[in-house]
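The structure appears right after this line, and notes come after that.
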Amino acid sequence: MKVTDHINQSDRTLISFEILPPLKGKGIQSLYGHLDPLMEFNPSFINVTYHRSEHNFKKRADGSFEKVVIRKRPGTESICAAIMNKYNVDTVPHLICGGFGIGETEDALINLNYLGIDNVLVLRGDAAKNETSFEPEPDGHKYAIDLLRQVTNLNQGIYLEEDLKNTSKTKFCIGVAGYPEKHFEAPNMESDLKHLKAKVDAGADYIVTQMFFDNAKYFSFVNACREIGITVPIIPGLKPIYTKKQLTILPKTFNIDLPTPLTEAVNGCKNDEDVEKIGEEWLLNQSKELKNAGVPILHYYTLGRPFLVANVVKKLM
Ligand code: FAD
């Protein structure tokens with residue numbers, strides 16, 4: 001079922017989760033161990049992130065270097081299928097521009113369609129580890145909107161081979177990313193919102209936000225979106241804090257601010273066990289306020305702490 005159908009058919013705030021594919025070599029049981037504590041809350045869907053390959057250089061015996069391609073977390077599409085099969089829940093695979101040519105993207109979409117997956121979250125992806133800025137493949141997409149257009153084309157039965165006859169149409173519900181604190185490359189918020197509106201005008205059905213720790217940022221982002229005519233659902237993305245290190249890692253990685261009361265409380269903790277308690281309380285308070293404001297879905301980034309997120313959702317219900 002489509003994400004938008006879940007939203008339209010409900011008069012209450014729904015729950016959804018995001019997970020990462022396991023590290024290569026871990027096996028799918030580790031993923032089930034992560035999901036099991038979360039499934040009692042009947043999430044409407046589970047997002048599965050996509051991780052592009054990285055390049056490394058390995059020293060040969062003769063002193064020269066060999067370029068090796070490493071994919072640390074493969075399997076997004078098949079993990080979606082496995083989760084649907086095991087838990088009978090909808091899934092949303094993330095699909096990125098980085099590392100993909102348009103032919104590979106089409107093949108991936110055809111596979112997702114065969115698997116009965118109704119949703120995709122289309123993203124640009126970040127720069128590869130060895131690049132300073134995002135570089136598309138020679139025949140790949142530069143921006144998420146270009147990938148989105150490929151999906152809307154398939155939804156109309158338009159494939160890359162123009163002479164295909166009587167093609168079947170896919171029916172993907174398409175999500176895109178939005179940034180309450182601005183995407184780090186955008187020169188200003190107005191420019192970022194203009195590009196977000198272009199994605200919606202090109203066919204995005206809903207927006208999922210980057211994580212934020214100050215609900216005021218989400219509310220003002222939603223207002224700004226509505227003011228420029230974006231009417232689709234805007235799903236807040238929420239992540240718990242559970243280590244002191246996150247106080248520097250999260251702003252650096254995701255270009256977000258952490259509110260002073262939160263950083264002061266975390267800095268006052270003796271150990272990460274105490275940080276986890278603060279993080280749980282903060283996440284619960286954020287969730288309560290957003291739920292009271294009538295957001296369509298609370299979408300939790302669960303990486304590393306499924307039990308913490310489960311505790312929050314239990315208290316919220
Ligand atoms: P875009 O919408 O293409 O925007 C990128 C930048 O370009 C923005 O600054 C925008 O303002 C600007 N821009 C857009 N269109 C144009 C245009 N036509 N001309 C000029 N400028 C333009 N990354 C992964 O690798 N895998 C994942 O699974 C993943 N999941 C994510 C989930 C969520 C909810 C979010 C918020 C992010 C996720 N990311 C993921 C990270 C994401 O790929 C990065 O934030 C990336 O840098 C931008 O992606 P985007 O889809 O927002 O890009």
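The values are calculated or read from the model by the stated rules, or taken from the named source; none is laboratory data. All of these numbers come straight from a predicted model, not from anything done at the bench. Glycine also receives a Cβ, built like all others from the backbone with ideal geometry; neighbour counts cover every protein chain displayed. Side chains are part of the model used for accessible areas, which takes the heavy atoms of the whole protein and leaves out ligands, DNA and RNA. Shrake-Rupley method; radii C 1.70, N 1.55, O 1.52, S 1.80 Å.
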For E18, enumerate residues with amide H under 5 Å from its amide H, sequence gap 5+ or separate chain, H modeled in the peptide plane. N47, Y300, Y301, T302
Round to the nearest 0.05 the FRET efficiency obtained for F65 and S30 when R0 = 30 Å and r is the Cβ-Cβ distance. 0.35
5 angstrom amide H check on E54, placed H, neighbours 5+ away: I70, R71, K72
Using a Gaussian network for the chain with springs between C-alpha atoms less than 10 Å apart, which of these wobbles most: K129, K182, K59? K59
Could you give the dipole magnitude of the chain about its Cα centre, charging the beta-carbon of Lys and Arg +1 and that of Asp and Glu -1, in debye to the nearest 20? 620
Just how far, in whole angstrom, is region 258-289 from region 44-69 if you go by their alpha carbon centroids? 35
Probe 1.4 Å - accessible area at F307, Å² to nearest ten: 130
Considering only Cα-Cα distances, which of the following residue pairs are longer than 25 Å: K197/K217; K197/K245; K2/K26; K270/K291? K197/K245; K2/K26; K270/K291
For the chain, modelled as a GNM with alpha-carbon contacts under 10 angstrom, which of A224, A144, A216 fluctuates the most? A216
Residue by residue through region 222-228, what is 3J(HN,Hα) from phi via Karplus (6.51 cos²θ - 1.76 cosθ + 1.60, θ = phi - 60°)? Round to whole Hz and write x for glycine and proline. 4, 4, 5, 4, 4, 4, 9
Probe 1.4 Å, all chains present, heavy atoms only: R12 accessible area in Å², nearest 10, is 150
Between C97, C80, C269, which gets the highest mean-square fluctuation from a Gaussian network model of the chain, Cα cutoff 10 Å? C269
Residues with amide H under 5 Å of T91's amide H, sequence separation 5 or more or different chain, H placed in the peptide plane at 1.01 Å from N; which? I46, D118
Answer rounded, prolate or oblate for region 158-317, using the Cα gyration tensor with square roots of eigenvalues a ≥ b ≥ c: rounded when a/c is under 1.5, else prolate when a/b is larger than b/c, else oblate. prolate
Just by accessible area at a 1.4 angstrom probe, what is the order of V68, V48 from largest to smallest? V68, V48
Report relative contact order for region 3-316 in percent, whole number only (criteria: Cα-Cα under 8 Å, sequence separation at least 6). 18
Once H141, H299, H55 are ranked on solvent-accessible area with the largest value leading and a 1.4 Å probe, the list reads H55, H141, H299
HN-Hα J in Hz across region 284-290 - Karplus 6.51, -1.76, 1.60, θ = phi - 60°, x for Gly and Pro: 5, 5, 4, 5, 4, 5, 5
Expected field for E77, accessible surface area in Å² at 1.4 Å probe radius, rounded to 10, holds 50
Set K182/K288; K182/K239; K86/K314 screened for pairs whose C-alpha atoms are more than 20 Å apart: K182/K288; K86/K314
Once the principal axes of the Cα atoms of region 1-151 are found, what is the range along each, listed largest first in whole angstroms? 63, 36, 27
Which lysines have a Cα lying under 24 Å from the Cα of K67, excluding residues fewer than 8 positions away in the same chain? K24, K58, K59, K129
Working with all protein chains in place, sort R52, R60 by solvent-accessible area computed with a 1.4 Å probe, largest first. R60, R52
